[in-house]
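Undergrad: The structure's right below; bear with me while I get my questions together.
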Amino acid sequence: MDIVTLAHGSGGLHSAELTQQVFMPFFTKFMPYANEDSALFVISDTSSHDCINKQAIAVTSTDSYIINPPFFRGGDIGKLSVCGSSNDVAMMGAKPLFLNIAFIIEEGFSIKKLKKIANSVAIECENLGLKILAADTKVLPKISQGDSQIFINTSCIGILQKVGISAKNLQHNDCIILSGKIGNHGATIFLEQNHISLDNHIQSDCASLYPLLEEILTGDIFIHALRDATRGGIASVLNEWAIASEACIEIEEELVTIDTQVRGVCEILGLDPYILANEGVCVLAVAECDAKRALEILHKHSLGKDASIIGRVRKDFSQLSRGHLEEIYFQRVVLQTQYQSQRFMEYPEGEILPRIC
């Protein structure tokens, strides 16, 4: 690995290699939450006159957005940046409360478009009740070919509501729940990037997920892992979990919901829906005893109407089945196909789709 390639930004295996080989040798001792999208820290209220300081556990995340095109069916880079950062905080079990945002703008970018993006940010902040603590703008000389670009960096802060959520915390017999249909965002962006005209109604699923998850995060449901399936899709999420938790994850292919038109686009263009990015879909690992109740809660919200239990976690690697040793694959994701066969859901490799978020 001598140079950075687009594959290193795919969210798959090459992204993990870039992080582990380039950054983590320097950052490991400073990053206790290196395997998560967000991190926990403690806030102390020292202004109180009480002898005991009041404390709260906060969650923070940071992300950068360089999507091309900046306007797409179902949203734009402004909405995406707020949803993306707030979702990262929600995935650690926290309620998003505050946002820092920075705009990096190439000269020549349309003021009309910039206002539209700013309005999208405002609308999503209003929907979530977010307050913007700090903001910044930078204008740089034009360096890209074609239309001028805009890049947005956001950091979100929230207050922890559910403890124990981590990629490392999967337990034996946890149910894997998918909150909705997969592939819509990735398919939308692929079609628009490549100027492919197909008669379809596909649009990005870009959405803030905390309202969908609020009742689960504030209730007594045992949720062990939670992740929004962005770059690399559900294939990246599940493989990261299997490796981090030293588990086998078994998925039933027929239970994974995919929009008919998205499936059609994937078949025509040779795309794998399991690695396509989503911006309004998350994956949950929930204790078996709470899975049905969690599913009922998700179904009550419009974003969760297609939620389903798609598989389970296995850690019984030495268990005998029907008198012989059953094949359970360590740190792998196994897809039970609709043809009653098995195949691995591989960790995505190479360049999947550029500038997907």
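Undergrad: Given Lys113/Lys142; Lys113/Lys138; Lys79/Lys168, which pairs have Cα atoms separated by over 21 Å? Each step should come with its number before you reach the end.
TA: Numbers: Lys113/Lys142 17 Å; Lys113/Lys138 16 Å; Lys79/Lys168 30 Å.
Pairs exceeding 21 Å: Lys79/Lys168.
Undergrad: Springs between alpha-carbon atoms under 10 Å, Gaussian network over the chain: tell me which of Ile104, Ile165, Ile309 tops the mean-square fluctuations.
TA: Among Ile104, Ile165, Ile309, the largest mean-square fluctuation in the Gaussian network model of the chain belongs to Ile104.
Undergrad: For Ile310, list long-range residues whose amide hydrogen, built 1.01 Å from N in the peptide plane, is under 5 Å from its own amide hydrogen.
TA: Those lying under 5 Å, H to H, from Ile310 are Ile176, Ile177, Leu178.
Undergrad: Let me ask something else about it. In the stretch 174-344, what percent of the accessible surface is made up of carbon and sulfur (1.4 Å probe, ligands and nucleic acids excluded)?
TA: Details: 3590 of 7510 Å².
Carbon and sulfur together cover 48 percent of it.
Undergrad: So, R0 is 25 Å and r is the distance between the beta-carbons of Ser197 and Glu349; what FRET efficiency does that work out to, to 0.05?
TA: Efficiency computed from Cβ-Cβ geometry: 0.25.
Undergrad: Out of all Cα-Cα pairs in the chain, roughly what percent, to the nearest whole number, are more than 32 Å apart?
TA: Numbers: 20041 of 63546 pairs.
In whole percent, the long-distance tail amounts to 32.
Undergrad: Compute the accessible area per residue over the stretch 199-271, keeping the other protein chains in place, probe 1.4 Å, unit Å².
TA: Numbers: 2810 Å² over 73 residues.
Using a 1.4 Å probe on heavy atoms only, each residue of the stretch 199-271 averages 39 Å².
Undergrad: Let me ask something additional. Apply the membrane-span-like helix rule to the chain: whole DSSP H runs, Cα extent along the own long axis of at least 15 Å, mean Kyte-Doolittle hydropathy at least -1.0. List the helices found.
TA: Numbers: long enough: 77-90 (19 Å, 0.49); 111-128 (26 Å, 0.06); 233-244 (17 Å, 1.11).
Helices meeting the criterion: 77-90, 111-128, 233-244.
Undergrad: Can you work out the accessible area per residue across the stretch 32-160, with the rest of the protein chains kept in place, probe 1.4 Å, in square angstrom? All intermediate terms of the calculation are to be shown ahead of the outcome.
TA: Numbers: 6640 Å² over 129 residues.
Ligands and nucleic acids excluded, the result is 52 Å² per residue.
Undergrad: While we're looking at this one, here's another question. Counting other Cβ atoms within 10 Å of each Cβ, which GluC sites (Glu not before Pro) in the stretch 91-133 have at most 14 and sit in a DSSP loop? Intermediate results must be reported in sequence, preceding the final value.
TA: Working: sites: Glu106, Glu107, Glu124, Glu126; in loops: Glu107.
Answer in residue order: Glu107.
Undergrad: Same structure, new question: Give or take rounding to whole Å, what are the principal axis extents of the alpha carbon atoms in the stretch 144-208, in descending order?
TA: 48, 30, 19
Undergrad: Further question: Which distance in nm do the two modelled labels at Glu246 and Gln21 give, with both placed 7 Å along the Cα-to-Cβ direction?
TA: It is 2.6 nm.
Undergrad: Please identify every one of the trypsin sites (Lys or Arg not before Pro) in the stretch 271-309 that sits in a loop by DSSP and has no more than 14 other beta carbons within 10 Å of its own beta carbon.
TA: Numbers: sites: Lys292, Arg293, Lys300, Lys305; in loops: Lys300, Lys305.
Passing both the DSSP loop test and the Cβ count: Lys300, Lys305.
The values are calculated or read from the model by the stated rules, or taken from the named source; none is laboratory data. It should be emphasised that the depicted structure is a prediction, and the values quoted were computed from it without experimental measurement. Cβ coordinates were reconstructed from backbone atoms using ideal geometry, including for glycine residues, and neighbour counts include every protein chain displayed. Surface areas here come from the heavy atoms of the whole protein model, side chains and all, with no ligands, DNA or RNA. Shrake-Rupley method; radii C 1.70, N 1.55, O 1.52, S 1.80 Å.
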